[in-house]
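First the structure, in the form of structure tokens, and then the observations on it.
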Amino acid sequence: MRILIISDIHSNLAAIEAVFIAAGSYDALWCLGDTIGYGPRPNECITLMRDREAVAITGNHDLACLGKIDLHDFNPDARQANIWNGEQLSPENRAWLEELKPNRDIDGRFTMAHGSPRQPIWEYLLMHDQAMANFELFNQQVCLIGHSHVQMGFRLNHAGERCERFLADNGQTIDLTDRHVRYFINPGSVGQPRDKDPRAAYAILDTAAATIRYHRIAYDITRTQREMTEAGLPVALIRRLEYGI
Ligand code: ZN
């Protein structure tokens, strides 16, 4: 099976369309949350997830757009964009989003959480100490995470005592053959990368080869910026897309 793994689309339709074209055919779609918020096309992005029967979880921005967590936990720009995103949702798309949980087990080998197993909604899993503590909280070999918008991962060795953090390169491939070596894998953000690479980020799991490959793809950033301007979204959120910050 070829599985497309995406996270943090953030209502960026141009970016997710580019990812779908670049990724080609796949057997399943896993979406790690924050499908909406920040960007200009919330309904279109959710409709794509529904049509493609994504195995999905929810994120902090999704919940804020639904009014389920306090908007004051966000900076003014993000708050404004979340309010606007929430107001756009069709009843069907709102209902789909409301059903999602912030973490879920896939099978005996894979689990997913938007932030982390410890705090599925809020934790930014970026540091070695956090990874060590979180490896204790799930049994599967691989936990897929999003939220930080950084394409990266952590590798825990056989004995479970040495944890290595890595930033991913486009085309980098992780070998999952040894099931005693465990991972956190963050595919990066489709719609608002923050690792100084503005290209949309995603990953592909090949279950037959037991590999996960990281990818980046350029998309039409100016189209998304134009759509955001037309929607009256904050200028800082529009500009950051071209810098990948
Ligand atoms: Zn996000």
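Name the residues in the stretch 151-167 that are open to solvent by 20 Å² or more (accessible area, probe 1.4 Å) and in a loop (DSSP other than H, G, I, E, B), would you? The answer is Asn157, His158, Ala159, Gly160, Glu161, Arg162. Under the condition of being within 16 Å of the ligand (Cβ to nearest atom), under 24 Å from Asn103 (Cβ atoms) and either in a strand (DSSP E or B) or touching a helix residue (DSSP H, G or I) at 6+ places or on another chain (Cβ under 7 Å) (or both), the residues counted in the stretch 31-53 number 11. Exactly one residue out of Ala218, Ala168, Ala210 is in contact with a Lys or Arg (Cβ under 7 Å, 6 or more places away or on another chain) and small (Gly, Ala, Ser), and it is Ala218.
The single condition among (1) in contact with an Asp or Glu (Cβ under 9 Å, 6 or more places away or on another chain); (2) over 20 Å from Leu4 (Cα atoms); (3) in a loop (DSSP other than H, G, I, E, B); (4) open to solvent by less than 40 Å² (accessible area, probe 1.4 Å) that Trp122 does not satisfy is (4). From the list Ile16, Ile21, which residue is open to solvent by 70 Å² or more (accessible area, probe 1.4 Å), hydrophobic (A, V, I, L, M, F, W, C) and assigned to a helix (DSSP H, G or I)? On inspection, the qualifying residue turns out to be Ile21. When each of Gln119, Gln141, Gln172 is tested for being within 25 Å of Val19 (Cα to Cα), of a type outside the set (A, V, I, L, M) and more than 13 Å from the ligand (Cβ to nearest atom), the lone residue that passes is Gln172.
The values are calculated or read from the model by the stated rules, or taken from the named source; none is laboratory data. Remember, it's a predicted structure, so these values are computed and weren't measured experimentally. For neighbour counting, all protein chains shown are included, and Cβ atoms are generated from backbone atoms with ideal geometry for every residue, glycine included. Protein only, heavy atoms only, side chains kept; ligands, DNA and RNA dropped before computing areas. Shrake-Rupley method; radii C 1.70, N 1.55, O 1.52, S 1.80 Å.
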